[in-house]
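Down below is the structure, laid out as C-alpha cells.
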Amino acid sequence: MTQQREPDSADITYRYLHLSLEELTQLPPDELPQACLEMRRLLDIIMGVLYTPDSTLIMRAVTIDLLYAEAERLSRQQGAGEDSAVTYNVKTVSERLGIRPASVRQAYEQLDALGGVHILARRFPQRREQQISLPLYDTGTSQGGG
C-alpha cells in the first residue's frame, strides 16, 4: 500500500466521529459542515485502502479497522491529532474481524514495514512453558547420565 500524506495532515481531527445519529442531529448548524468534512475525509481514506490493488483482503481489512479505531480514539480524547503510542490487542481485532490472530499480527507487521504504523514494542502473549516431565520413572540415577 502506498501512503500519501496531505499537506495539512497535522490539523486532521475527528471530533464528531464518536457521536450517535441523535447527537449529530442536535449539533448547532455551524458545526455540521465540519462533522460532514471529517466523515468524508475518513471515507476517502477508507476508499483509498479498498482500491489499493497490490494488497490482500486481510491487509485491507486490518488497515481499515486500524484507521477507524484510531480515528474513533482521537475523537474521544482532548488534544486529538497528537502523536502518541497506542496499544491494540491482536486477539480483540481478530475476533472483531473474524480473522486468525496470526494473520492480524502479520498484517500489523507488514504495515510496520511499509511505514503505515510504527510498532514500538512487540509484546506477544507468552507461550506456555515446557511442561516438566513428572519423575514417575526417574529414580534419580539417570541424572548423571548413567
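The values are calculated or read from the model by the stated rules, or taken from the named source; none is laboratory data. This structure is a prediction, so every number in the text was calculated from the model and none was measured. FYI the Cβ positions are ideal-geometry reconstructions off the backbone, even for glycines, and counts take in every protein chain you see. Heads up: the accessible areas ignore ligands, DNA and RNA and are worked out on the full protein's heavy atoms, side chains in. Shrake-Rupley method; radii C 1.70, N 1.55, O 1.52, S 1.80 Å.
Taking GLU72 as meeting all but one of (1) modelled with pLDDT of 85 or more; (2) open to solvent by 80 Å² or more (accessible area, probe 1.4 Å), write down the number of the exception.
(2)
Scanning for something at pLDDT below 90 and touching a Leu at 6+ places or on another chain (Cβ under 8 Å), does the stretch 124-134 turn up at least one residue?
No, the conditions are met nowhere in the stretch 124-134.
Based on this model, can you work out whether LEU17 counts as at pLDDT 90 or above, out of contact with any strand residue (DSSP E or B) (no Cβ under 7 Å at 6 or more places or on another chain) and at negative phi?
Considered against the rule, which asks whether it is at pLDDT 90 or above, out of contact with any strand residue (DSSP E or B) (no Cβ under 7 Å at 6 or more places or on another chain) and at negative phi, LEU17 comes out as no.
All but one of (1) among the hydroxyl-bearing types (Ser, Thr, Tyr); (2) within 21 Å of ASP112 (Cα to Cα); (3) open to solvent by 70 Å² or more (accessible area, probe 1.4 Å); (4) more than 17 Å from the chain's Cα centre (by Cα) hold for THR25, so report the exception by its number.
THR25 satisfies every listed condition except (2).
Do we have any residue at all in the stretch 86-107 that's open to solvent by 40 Å² or more (accessible area, probe 1.4 Å), farther than 20 Å from LEU17 by Cβ and modelled with pLDDT under 60?
no
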